[in-house]
Amino acid sequence: MSKMPDSVTLNNEGLAFIRMLGELFPNLESPLRFLEDEDREPDNPEATFEHFEESNFWDDTANGTAETLIERLTPVSECQARILLVERNSDERKSRSFYFAGNNVVEYQRDKEEHHFGPVRSEAALCAEIAQRFKTRDQCEFSKITLSAGDYLVFAVFARDLRASENVPENDEDSPMTVDEVLAFFDEPETKVVRMPDDDSWTTSVAHLAEQNILLPGREGYRIHPALCELAKQIVADNQYTIARFDYLDEQWLTREINLYPTEQSVYRFGTEPDGSVLLQELTTGSLADTLSGTICTLPNILNPEIQTSLRAGTT
Amino acid sequence: MDGGKIGSGAPTTPAIPTQSPAVENKSTSAKPESAGPRDQFEVKSGATTRNGNLTQVMQEKTKGADVLKLARDNPAAARQLVANLALTTSSLMTSIETEKAALRLLLEQLSAKRFKKSEVKKESAKLKQHRANLRKLKLQLQISQRKMNLLEQIAGKLGNPKLESEISRILQRHQKLRSRWGKRHHLLSLGKVLYDAEEETPKHLEHVVQTEVPGGLQAEQLSEQLEEISPRRNLSEMMVRTIDGSVKTAEQTNVREKTFGHYTELTEVIHESLTNDPWGGSS
């Protein structure tokens with residue numbers, strides 16, 4: 001049985017029947033393409049017709065498949081894009097597939113001979129549904145941080161130190177790291193082939209982080225700003241959500257994706273900026289909606305100057 | 001991209017509007033496309049279809065390369081082409097409705113006979129003919145719509161991350177690094193190479209990646225693979241593992257599909273780094 005709520009299920013015979021009626025034309029990217037490749041015809045059209053009548057899949061007035069069924073099938077068979085929602089933990093990878101055509105999105109899942117088609121929804125409705133999976137705050141102190149790779153590694157060292165000190169009795173060993181202690185991690189010489197940070201640049205990174213208020217100076221060293229402590233202590237790589245959209249333009253696909261990591265109270269986005277910096281963003285309710293919309297929704301028309309190109313992927 | 005020409009396939013495809021002399025000169029003096037950097041991820045050659053039906057597959061391709069070039073060089077002509085394509089689309093939709101109406105008459109008869117197998121068999125040839133006509137029209141409609149999408153949505157304004165030439169250089173450099181943290185630092189700096197955007201790239205397109213995919217491989221599997229080996233995803237995971245201190249096993253990071261050439265090699269290097277702790281000494 002499909003776990004997909006409110007889905008309609010068809011088997012290969014049913015799909016072949018609809019194809020015979022000239023109502024199903026799976027394109028190259030469609031998961032139903034096998035019908036075309038294998039030139040599937042129904043084995044028993046009479047029985048399938050009866051089943052369609054009983055299931056309200058048949059429209060007597062139109063002498064064809066009911067429109068309510070066709071509108072679920074068309075985005076999957078004549079898909080212009082696929083949206084993948086992938087949830088990963090340490091043991092498994094679960095994915096849900098949504099296909100897009102016209103203005104409609106339909107979830108699709110196949111179990112051997114059975115094909116499940118979810119209800120028709122808009123891109124905006126899918127964004128809203130995905131957003132509901134995450135807890136968010138209305139606002140946050142550090143909405144978006146972009147760091148160089150060196151600055152990020154220094155930040156990570158402080159974050160690891162903070163995490164390690166959790167639940168350990170107070171003593172000298174769990175006091176905040178000094179700059180020297182941070183630098184001690186990086187004392188191994190590297191080649192000259194790639195410019196690598198030296199002690200001076202790591203000191204500079206600490207200064208950069210302090211300038212941005214990400215590190216706060218204390219009596220014995222630096223500590224991470226309290227607003228970032230939840231991220232530092234709770235973020236887990238094995239709790240990862242990826243939302244990717246593939247727009248099919250034949251040999252060329254346009255791909256967009258975001259990677260989200262939820263904690264108990266919030267959700268964070270980690271990524272890479274076009275200028276090479278590391279992006280670390282706590283998503284508020286508003287910025288999560290914008291980010292999802294930038295990934296999931298159809299790209300705006302940039303040839304028409306009157307239409308706002310307002311998708312804000314990565315810019316919020 | 002292989003430089004296919006629009007207008008050479010389906011008869012209903014409108015011709016590209018004439019380019020200005022300046023644009024033509026620019027085009028003829030340009031180097032062959034294969035010699036320069038390409039603004040997309042590339043795919044290993046030699047891909048074939050699941051059932052070897054490559055000819056049919058290639059007939060369903062729209063050849064978008066020249067469209068993108070046109071949009072980049074001559075936006076006014078691109079707008080004109082979009083208008084022409086819109087007319088074509090409209091005319092195709094009318095033809096599809098006409099064909100559907102003819103098919104409905106036949107289906108009405110079959111429905112009255114409750115789609116008995118013998119009756120369906122009798123009308124099988126007619127059914128197939130209607131379906132073939134509709135398939136042809138639908139294909140032409142798809143080609144028009146995809147060209148329109150290509151022009152309207154990106155119009156040649158995607159960034160040029162120079163991937164093909166850069167990734168092998170990155171991999172060579174990476175092999176010369178010794179410490180784990182050094183390797184991680186190097187990988188975390190790759191965003192500029194992978195996702196560089198040109199100045200004219202609109203903000204909302206900066207995170208869009210144009211990926212060349214082979215005709216014939218199943219799109220369903222291909223998109224799963226792309227998601228799995230995406231450097232953006234793997235780098236984000238690296239960022240978080242650098243904080244949470246976790247590592248992956250060699251089995252978890254095994255890249256099974258090698259379809260995407262350099263792209264896959266880069267992913268393997270990122271995965272290798274994910275199997276160790278950057279502060280754990282030399283690898």
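The values are calculated or read from the model by the stated rules, or taken from the named source; none is laboratory data. Since we're looking at a predicted model, the values are computed, not measured. FYI the Cβ positions are ideal-geometry reconstructions off the backbone, even for glycines, and counts take in every protein chain you see.
Only residues that are of a type in the set (Phe, Trp, Tyr) and touching a residue at least 40 places away in the same chain (Cβ under 8 Å): list them for the range A:1-43, please.
A:Phe25
Identify all residues within the range A:82-99 that are over 14 Å from A:Leu32 (Cα atoms) and hydrophobic (A, V, I, L, M, F, W, C); write none if there are none.
At the first step, the residues of the range A:82-99 found to be over 14 Å from A:Leu32 (Cα atoms) are A:83-96.
Selection gives A:Ile83, A:Leu84, A:Leu85, A:Val86.
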- Note on the structure: When the range A:222-247 is checked residue by residue, the ones that are within 30 Å of A:Ser97 (Cβ to Cβ) and surrounded by fewer than 20 Cβ atoms within 10 Å (Cβ to Cβ) are A:Gln234, A:Val236, A:Asp238, A:Asn239, A:Tyr241
- Checked B:Gln153, B:Gln140 against criteria (more than 9 Å from chain A (Cβ to nearest Cβ) and over 16 Å from A:Ala16 (Cα atoms)); the one match is B:Gln140
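I need a count of the residues in the range A:43-55 that are more than 8 Å from every other protein chain (Cβ to nearest Cβ) and within 18 Å of A:Leu24 (Cβ to Cβ).
From the range A:43-55, those more than 8 Å from every other protein chain (Cβ to nearest Cβ) are A:43, A:47, A:51-55; that's our starting set.
Within this subset, residues satisfying the condition of being within 18 Å of A:Leu24 (Cβ to Cβ) are A:43, A:51-52, A:55.
Looking only at that region, the number is 4.
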- Pairs with Cβ under 7 Å, 6+ apart, first in the range B:80-98 and within 12 Å of B:Leu141 (Cα to Cα), second crowded, with 21+ Cβ neighbours inside 10 Å and among the small types (Gly, Ala, Ser): B:Leu85/B:Ser144; B:Thr88/B:Ser144; B:Thr89/B:Ser144; B:Leu92/B:Ser144
- Query: Just wondering, is there one or more residues in the range B:113-134 that are of a type in the set (A, V, I, L, M, F, W, C), surrounded by 21 or more Cβ atoms within 10 Å (Cβ to Cβ), on the phi > 0 side of the Ramachandran plot and touching a residue at least 60 places away in the same chain (Cβ under 8 Å)?
  - Reply: no
- Query: Can you find even one residue in the range A:267-275 that is modelled with pLDDT of 95 or more and more than 9 Å from chain B (Cβ to nearest Cβ)?
  - Reply: yes
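Only one of B:Ser273, B:Ser236 is under 23 Å from A:Phe98 (Cβ atoms) and more than 19 Å from the chain's Cα centre (by Cα); which?
Numbers: B:Ser273 fails: under 23 Å from A:Phe98 (Cβ atoms).
That would be B:Ser236, the only listed residue that is under 23 Å from A:Phe98 (Cβ atoms) and more than 19 Å from the chain's Cα centre (by Cα).
Quick one: would you say A:Leu260 is more than 7 Å from chain B (Cβ to nearest Cβ), in contact with a strand residue (DSSP E or B) (Cβ under 8 Å, 6 or more places away or on another chain), surrounded by 18 or more Cβ atoms within 10 Å (Cβ to Cβ) and at pLDDT 95 or above?
Values: more than 7 Å from chain B (Cβ to nearest Cβ): yes; in contact with a strand residue (DSSP E or B) (Cβ under 8 Å, 6 or more places away or on another chain): yes; surrounded by 18 or more Cβ atoms within 10 Å (Cβ to Cβ): yes; at pLDDT 95 or above: yes.
The answer is yes for A:Leu260.
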- Message: Anything in the range A:107-155 that is crowded, with 21+ Cβ neighbours inside 10 Å and in a strand (DSSP E or B)? List them, or say none.
- Response: A:Glu107, A:Tyr108, A:His115, A:Phe117, A:Leu147
- Go through the residues of the range B:76-92 one by one and say whether even a single one is β-branched (Val, Ile, Thr), surrounded by fewer than 21 Cβ atoms within 10 Å (Cβ to Cβ) and more than 24 Å from the chain's Cα centre (by Cα). no
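Go through the range B:227-263 and give me each residue that's touching a residue at least 40 places away in the same chain (Cβ under 8 Å) and either on the phi > 0 side of the Ramachandran plot or within 7 Å of chain A (Cβ to nearest Cβ) (or both). Even if it seems obvious, please write down each step before you answer.
First, pick out the residues of the range B:227-263 that are touching a residue at least 40 places away in the same chain (Cβ under 8 Å): B:231, B:234-235, B:238-239, B:242, B:258-263.
Hits for the range B:227-263 are B:Leu235, B:Met239, B:Thr242, B:Gly261.
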- How many of the residues making up the range B:101-137 are of a type outside the set (A, V, I, L, M), part of a helix (DSSP H, G or I), in contact with a helix residue (DSSP H, G or I) (Cβ under 7 Å, 6 or more places away or on another chain) and more than 7 Å from chain A (Cβ to nearest Cβ)? 3
- Message: Taking the conditions exactly as written (within 13 Å of another protein chain (Cβ to nearest Cβ) and farther than 18 Å from B:Arg104 by Cα), does A:Arg19 satisfy them or not?
- Response: no
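State the number of residues belonging to the range A:52-70 that are within 23 Å of A:Glu107 (Cβ to Cβ) and either buried (at least 16 other Cβ atoms within 10 Å of the Cβ) or touching an Asp or Glu at 6+ places or on another chain (Cβ under 7 Å) (or both).
Of the residues in the range A:52-70, 7 are within 23 Å of A:Glu107 (Cβ to Cβ) and either buried (at least 16 other Cβ atoms within 10 Å of the Cβ) or touching an Asp or Glu at 6+ places or on another chain (Cβ under 7 Å) (or both).
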- Do the conditions hold for A:Glu29, that is, is it farther than 30 Å from B:Glu119 by Cβ and facing chain B (nearest Cβ under 9 Å)? yes
- Message: If a residue counts only when it is over 19 Å from A:Arg137 (Cα atoms), touching a residue at least 24 places away in the same chain (Cβ under 8 Å) and touching a helix residue (DSSP H, G or I) at 6+ places or on another chain (Cβ under 7 Å), which strands (runs of 3 or more DSSP E) contained entirely in the range A:206-293 have at least 2 such residues?
- Response: A:222-224, A:240-249, A:252-262
- Task: Would you kindly identify the helices (runs of 4 or more DSSP H) lying entirely within the range A:1-81 that contain at least 2 residues that are aromatic (Phe, Trp, Tyr)?
- Result: A:45-54
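Given the criteria at the interface with chain B (Cβ under 10 Å from one of its Cβ atoms) and surrounded by fewer than 17 Cβ atoms within 10 Å (Cβ to Cβ), does A:Glu78 qualify? So that I can check it myself, show each step before the final result.
On the way: at the interface with chain B (Cβ under 10 Å from one of its Cβ atoms): yes; surrounded by fewer than 17 Cβ atoms within 10 Å (Cβ to Cβ): no.
No, not satisfied.
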- Task: State the number of residues belonging to the range B:214-226 that are in contact with a Leu (Cβ under 6 Å, 6 or more places away or on another chain) and facing chain A (nearest Cβ under 8 Å).
- Result: 0
- Within the range B:227-255, the residues that are in contact with a Leu (Cβ under 9 Å, 6 or more places away or on another chain), among the aliphatic types (A, V, I, L, M) and modelled with pLDDT of 90 or more are B:Leu235, B:Met238, B:Met239, B:Ile243, B:Val247
- of a type in the set (Gly, Ala, Ser) and part of a loop (DSSP other than H, G, I, E, B): does that describe B:Ser246? yes
